[in-house]
Amino acid sequence: MRDKINFVPPELGPLNVAPRKAQPMHGDDHWYSKPWYEVPRDNPALPEVYTYTDAISYDPGDEVVFHSSTTAPNWTLEIYRDGHEPETVHRVDAIEGQHSPTPPHAYREGCGWPVSNRWRLPVEMRSGFYRVVSTCARASGDKFVQHHFFVVRPTEKTRRAKILMVLPTATWTAYNDFGGANHYFGIAGPDHNLPSPVLSLERPWARGIVWLPAGAPRICADHLPDFGDAPRYPMKEWAFANGFGQYYGAAGWAQFDPHFVVWAEKEGYALDMITQTDLHYRPELLDAYPCVTIVGHDEYWTREMRLSIEAYVKRGGRLARFGANFMWQIRLEEQGRLQVCYKYKAIDDDPVAGTDKKHLLSTAWEDKRVGWPGASTVGVNGADGTYASWGGFAPHGQKGFTVYRSSHWAFDGTGLRYADIFGDQARIFAYEVDGLDYRFRHGLPYPVPVEGQPEDIEILAMSPAVLEEDEQDGEGFRYYIRNTDRLGLVQSVTGEVTEESLSRYKYGSGMMVHMTSGKGEVLTAATCEWVMGLKRGDLCTQRITRNILDRFTNE
């Protein structure tokens, strides 16, 4: 069901945008370094309602506990199962409103709001993504609408699919800045200007992570800029103008996963779902499925998640990954209620640094102190890929994959040949991608051997990417990420920032790769925007996806 409402923007936290400058900005003086964020207004004249649940996923028969705060006298709770044919499964009207303040460190400590409602899930409830919609009326006739979610896990009784879809909820958490901070920016620290390395799941999701209206801009702009134009970031501009979270374009259910789910269900592929929290704490859920799939922006994993997937594949499971940005090791604490990632500052600030738990350091997987390249699990590395086709990141670059091994079974029935490009009209090669260091021999790319990287990885298709924005000077030109990610990544991976290390991590690639491990196999199409090929009707992207799913579900 697609909501049709009169949208009323939420309150935005302190908004302090740096003044305009005539030249590109340098150092820490980015326009985005003073973030806006979503917090309740707490103004009875403009009623609002916010809700979160006591867990991210449940078994059928479990009780879902809703926690809410509202300035409305009463409000409505509705729950939908999202997908190709959305279904209303629960509704409660006229819930008595109760207001509770939002703690100043809600992003880290949770909101601590009281219980507003409870619902015992039916024992036969289907696995899937369930959208929680809280609505209150306003005197003007408008409605305030807030979106949350929970996932229903499959059980032996309710299992109905051959494909288990793992939602990349750790990445969603990393970008959720409700209350003032996420793993990127925020109001943490003594000067209230730092990201938070510790994030709570006991809070609402920022607007745009769970639901978006049709037409919300994607990070990869639909229309190419002219050469010499000032850089544009339409998703940021739209979010600011319409009261959505500034990171909605980067991560979340709304931006990526529904496009795969709707396409798959229309094509007749049944899907059961779990979260990454389930993968961490309940890895036995994998065993009932011949195929596991992950889509979209897939950046953050725990060590336990990786070990579980690798063991699953070695036992004969198949992993189909239509996503990218395999970058950071995280830790889940307090039974998944907290997520920890110190990223570039891990060696100095992470409590496990220098201890007997240093292998759990929350840094890049390629960090020499961790030394477990992502290719061991998914065939590609985040540090060898990164950005493509937006902002100052090759905005006129290739937006599809170039085929190199057209005889591979993944390309059966597509008609693709060596050097053909597919997916470019649907702009599937964009935002963030994963790759490998590689060399060409006789016109074909081969991975450069790296310790911990499987030897049988086969590069099927690829395109170039970059690790920092190529900044061109111009009056009014201002860039978004610039080189900050590259500098931090180089420091983490190599231990020092030198000309040689900067040269090593300046250019990357996005790849489609295949590898075997034990009795199983992995195929990764390493771009966040693969799902756009499904949504926009790219015949080659759709056929390749069918080939992979059909092979991986053929027991």
Every listed condition ((1) open to solvent by 10 Å² or more (accessible area, probe 1.4 Å); (2) under 29 Å from Lys266 (Cβ atoms)) holds for Gly141 save (2)
Exactly one of Leu502, Leu460 is closer than 21 Å to Phe393 by Cβ, touching a residue at least 12 places away in the same chain (Cβ under 8 Å), of a type in the set (A, V, I, L, M) and in contact with a helix residue (DSSP H, G or I) (Cβ under 8 Å, 6 or more places away or on another chain), and that one is Leu502
In the range 37-56, anything over 26 Å from the mean Cα position of the chain (by Cα) and within 19 Å of Ala241 (Cβ to Cβ) is listed as Arg41, Leu46
Those residues of the range 219-236 that are without any contact (Cβ under 8 Å) to a residue 24 or more places away in the chain, surrounded by 12 or more Cβ atoms within 10 Å (Cβ to Cβ) and assigned to a loop (DSSP other than H, G, I, E, B) come to a total of 1
Pairing a residue in the range 45-57 that is farther than 15 Å from Ile79 by Cα and open to solvent by 10 Å² or more (accessible area, probe 1.4 Å) with any residue that is among the small types (Gly, Ala, Ser) and outside any strand (DSSP E or B), where Cβ atoms lie under 7 Å and the two sit 6 or more apart in sequence or on different chains, gives Pro47/Ala72
All conditions in (1) open to solvent by 10 Å² or more (accessible area, probe 1.4 Å); (2) assigned to a loop (DSSP other than H, G, I, E, B) are true of Ser362 except (1)
Subset of the range 390-417, residues modelled with pLDDT under 95 and either assigned to a strand (DSSP E or B) or within 18 Å of the chain's Cα centre (by Cα) (or both), comes to Trp390, Phe393
Reported set for the range 161-186 where residues are in contact with a strand residue (DSSP E or B) (Cβ under 7 Å, 6 or more places away or on another chain) and either free of Cβ contacts under 8 Å to residues at least 12 places away in the same chain or open to solvent by 40 Å² or more (accessible area, probe 1.4 Å) (or both) is Lys162
message = Looking at the structure I just gave you, is Pro47 farther than 30 Å from Thr275 by Cβ, at pLDDT 95 or above and in contact with a Pro (Cβ under 9 Å, 6 or more places away or on another chain)?
response = yes
Asp142: passes all of (1) closer than 21 Å to Ala206 by Cβ; (2) modelled with pLDDT of 95 or more; (3) out of contact with any Pro (no Cβ under 9 Å at 6 or more places or on another chain) but (2)
Taking first residues from the range 123-142 that are on the phi > 0 side of the Ramachandran plot and second residues anywhere that are part of a strand (DSSP E or B), the pairs with Cβ under 8 Å that are 6 or more apart or on different chains are Gly128/Arg81; Gly128/Val151; Gly128/Val152; Gly128/Leu271; Gly128/Asp272; Gly128/Met273
Residue hits (the range 421-468; among the β-branched types (Val, Ile, Thr), farther than 13 Å from Asn381 by Cα and open to solvent by 10 Å² or more (accessible area, probe 1.4 Å)) are Ile421, Val466
If we take the range 481-555, then helices (runs of 4 or more DSSP H) inside it with 2 or more residues that are open to solvent by 20 Å² or more (accessible area, probe 1.4 Å), closer than 21 Å to Arg439 by Cα and not acidic (Asp, Glu) are 499-504
Does Arg405 satisfy the criteria of being open to solvent by 50 Å² or more (accessible area, probe 1.4 Å), of a type outside the set (Phe, Trp, Tyr) and in contact with a strand residue (DSSP E or B) (Cβ under 7 Å, 6 or more places away or on another chain)? no
Within the range 239-271, of all residues that are under 20 Å from Asn182 (Cβ atoms) and more than 19 Å from the chain's Cα centre (by Cα), the one surrounded by the most Cβ atoms within 10 Å (Cβ to Cβ) is Gly243
Within the range 422-451, the residues that are farther than 21 Å from Met327 by Cβ and either in a loop (DSSP other than H, G, I, E, B) or in contact with a Lys or Arg (Cβ under 9 Å, 6 or more places away or on another chain) (or both) are Gly423, Asp424, Gln425, Ala426, Arg427, His442, Gly443, Leu444, Pro445, Tyr446, Pro449
Going through the range 272-290 in order, the residues found to be within 26 Å of Pro195 (Cβ to Cβ) and open to solvent by 10 Å² or more (accessible area, probe 1.4 Å) are Thr277, His280, Tyr281
Apart from one, (1) at pLDDT 95 or above; (2) at positive phi; (3) open to solvent by 40 Å² or more (accessible area, probe 1.4 Å) all hold for His192; the odd one out is (1)
Within the range 343-359, residues in a loop (DSSP other than H, G, I, E, B) and open to solvent by 40 Å² or more (accessible area, probe 1.4 Å) come out as Pro351, Gly354, Thr355, Asp356, Lys357
Within the range 79-104, the residues that are open to solvent by 80 Å² or more (accessible area, probe 1.4 Å) and under 25 Å from Asn176 (Cα atoms) are Gln98, His99, Pro101, Pro104
Picking from Pro197, Pro213, Pro204, the residue that is surrounded by fewer than 17 Cβ atoms within 10 Å (Cβ to Cβ), out of contact with any Gly (no Cβ under 8 Å at 6 or more places or on another chain) and modelled with pLDDT of 95 or more would be Pro213
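The values are calculated or read from the model by the stated rules, or taken from the named source; none is laboratory data. Keep in mind the model is a prediction, meaning the values are calculated, not measured. Every residue, glycine as well, gets a Cβ built from its backbone with ideal geometry; the counts of neighbours run over all protein chains shown. Accessible surface is based on the protein model in full, side chains and every heavy atom, while ligands, DNA and RNA are left aside. Shrake-Rupley method; radii C 1.70, N 1.55, O 1.52, S 1.80 Å.
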